[in-house]
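Data block below; observations after.
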Amino acid sequence: MKTNKKPVTLILYMVILIFLVLGTRIFLMGSDKNEPFNGENAGQDEKWTGIITLWDIPYVETGVGSNSSWLSSRIQEFERENPGIFIDVRRMTPQRAAMYFTGDVEETILPDIVSLSPYDEILSYSRLQDLESYFTEEDLDRITPFAKKFMYGNGSMMGIPYMMGTYALYTNKEMLEEHGINLEGTDIQYTTLDRVMEKFPYIEKERKREILYYGFGTYCTPYSNPIISMIYYEGDKIEENVGYRYVYSWMHKQDAVPKGIRNMDSTAAIELFLSQGRIGVFLGSTRVLYRNRALSSQGKGLEMGVYTLPMVKGEGIFQDQVAVYGIINKENKVKLSKCADFLQSLLSMEAQADLGRIGMFPIVNDVGFIYEDDPEMLQLEENISNFRYSPKDEFWIKNRQELLKVLPENSQDENS
């Protein structure tokens, strides 16, 4: 009898042992699903909830107000589709942002998502997440080739663009007509602009005060250089570029442009053009157009012409007005994935078409023209395909100081 029971007992022990091992493993795996995310179980819990912080920095100026209304709509939609996830936006100036990123900044105070400068590497690329694995080839194919230039740094995909602006030439039609200048069409050549500049400057007396009126005006900031869009050409001798020669002559003609133009911000320059009516031709973003519309609704605007930028030899035009968000690298990979999901939502057809409400343009190639009911903005939108050069190009980086010599050195503020 004993010899018959031993095999049965052995088998029974083995069954019990297997049950205990497998049962314990199943129990532990089940308990992991109820544990909060702690950084060690990344990739197992895709139902992360919490707060995503975003620092929105206006390196790119919108046509109307700021991007607040557009961004708020995108955030509300994302939070609705992702219950338990909230996006906390903090808006700050480029100067304050630069201060935060100087030196050994504490990781705990940094945001999850942050605006990236079109120019200098204010935030070290080493702090940014490479986003290549978070976007499919189909996602990236939707982004226009020009906007893609702003996505990469140190050989990695450091950011995702979500909107772009444009530069244009605006004229004070009444002022020009008073000097016998009537412009036709939707674009202006350098030769035409040079004929305009021959009429300026001129002085009008108001009581005991003499007021200067200028032929040309623009602005120049660390993150927006409209003047480069008129002179940029990747040739061997920059000073021989047609655009450079014309613009240089205007900039260095006595009183032909406002004093301090090299350091003038857009607000002061637009005020001089629109509110004071002291500039014949003005180079700037779509904010000029929308500001004039606002003034016109109050009976204070100009009769203004809108023109696309001149282009020599069909080579293309320089543009720096592309807004980009990057993600600061964190240990919590599921949270990083949710941040990438939010950036991807900004590229949806609905989000890109909605940029019309803030006077900006899509960076995807499948949404079509969004300003078909606005002839002036449609004219500028159709011209966007001519923008090919960017601050990310090696030629700009190498020749930046030489190109900026087109602006006069005089830093005195306009006070005439």
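The values are calculated or read from the model by the stated rules, or taken from the named source; none is laboratory data. Keep in mind it's a predicted model, so treat the numbers as computed, not measured. Cβ sites come from the backbone with ideal geometry, for glycine too, and all protein chains shown count toward neighbours. Note: areas computed on protein heavy atoms with side chains; ligands, DNA, RNA excluded. Shrake-Rupley method; radii C 1.70, N 1.55, O 1.52, S 1.80 Å.
Points to keep in mind about this one:
- For the chain, the longest principal axis of the alpha carbon atoms and the long axis of helix 68-81 meet at an angle near 20°.
- Extension gain, Ser337 back to Ser156 (0.36 nm per residue minus Cα-Cα distance, nm): 63.5 nm
- For the peptides 395-404, 62-71, residues were scored by their other Cβ atoms within 10 Å and the scores averaged per peptide; the highest-first order is 62-71, 395-404.
- Filtered GluC sites (Glu not before Pro), the stretch 124-186: DSSP coil and at most 14 other beta carbons within 10 Å: Glu184
- When peptides 324-332, 357-365 are sorted by average Cβ neighbour count within 10 Å, with the highest value leading, the order is 357-365, 324-332.
- C-alpha long axis of helix 333-345 to longest principal axis of the chain, angle in °: 40 degrees
- Helical content of the chain, expressed as a calculated mean residue ellipticity at 222 nm, amounts to -10000 deg cm²/dmol (DSSP H runs of 4 or more residues, -39,500 (n - 2.57) each, divided by residue number, nearest 500).
- Of the accessible area of the chain, computed with a 1.4 Å probe over protein heavy atoms only, carbon and sulfur atoms account for 50 percent.
- Tilt relative to the chain, helix 286-296 - C-alpha long axis, 0 to 90 degrees, to 10: 60 degrees
- Net lengthening on full extension, Ala268/Arg207 (0.36 nm per residue, minus Cα-Cα): 19.5 nm
- Sparse-neighbour loop sites [trypsin sites (Lys or Arg not before Pro); the stretch 180-249; at most 11 other C-beta within 10 Å; DSSP]: Arg207, Lys208, Lys237
- Treating r as the C-beta distance of Asn365 and Glu178 and R0 as 45 Å, the FRET efficiency rounds to 0.55.
- Positive-end residue of Val242, Phe318, Ile122, charge dipole of the chain with Cβ unit charges: Ile122
- Shape analysis of the stretch 237-386 yields a ratio of the Cα radius of gyration to the Kirkwood radius, Rg/Rh, of 1.04.
- Exceeding the 26 Å Cα-Cα cut-off - candidates Lys47/Lys392; Lys148/Lys173; Lys173/Lys300: Lys47/Lys392; Lys148/Lys173
- Relative counts (whole %) of C-alpha pair distances in the chain, using bins that are 20 Å wide: 23, 47, 19, 6, 4, 1, 0
- Two-site FRET efficiency, Ala353 against Gln401, from Cβ-Cβ distance with R₀ of 51 Å, rounded to 0.05: 0.80
- Between Asp141 and Glu106, residue separation times 0.36 nm minus the direct Cα-Cα distance comes to 9.0 nm.
- The chain - share of DSSP beta bridges that are antiparallel (%, nearest 5): 65 percent
- The residues of the chain expose on average 51 square angstrom of accessible surface per residue, using a 1.4 Å probe on protein heavy atoms.
- Percentage relative contact order, the stretch 337-381, counting C-alpha pairs under 8 Å, at least six apart: 25 percent
- Dipole moment magnitude, nearest 20 debye, the stretch 54-200 about Cα centre, only Lys, Arg, Asp, Glu C-beta charged: 260 debye
- Once C-alpha pairs closer than 8 Å and six or more residues apart are averaged by separation and normalised to the residue number of the chain, the relative contact order reads 26 percent.
- For Lys148, neighbours were defined as the other residues whose beta-carbon sits under 13 Å from its Cβ, and their charges (Lys and Arg +1, Asp and Glu -1) total -1.
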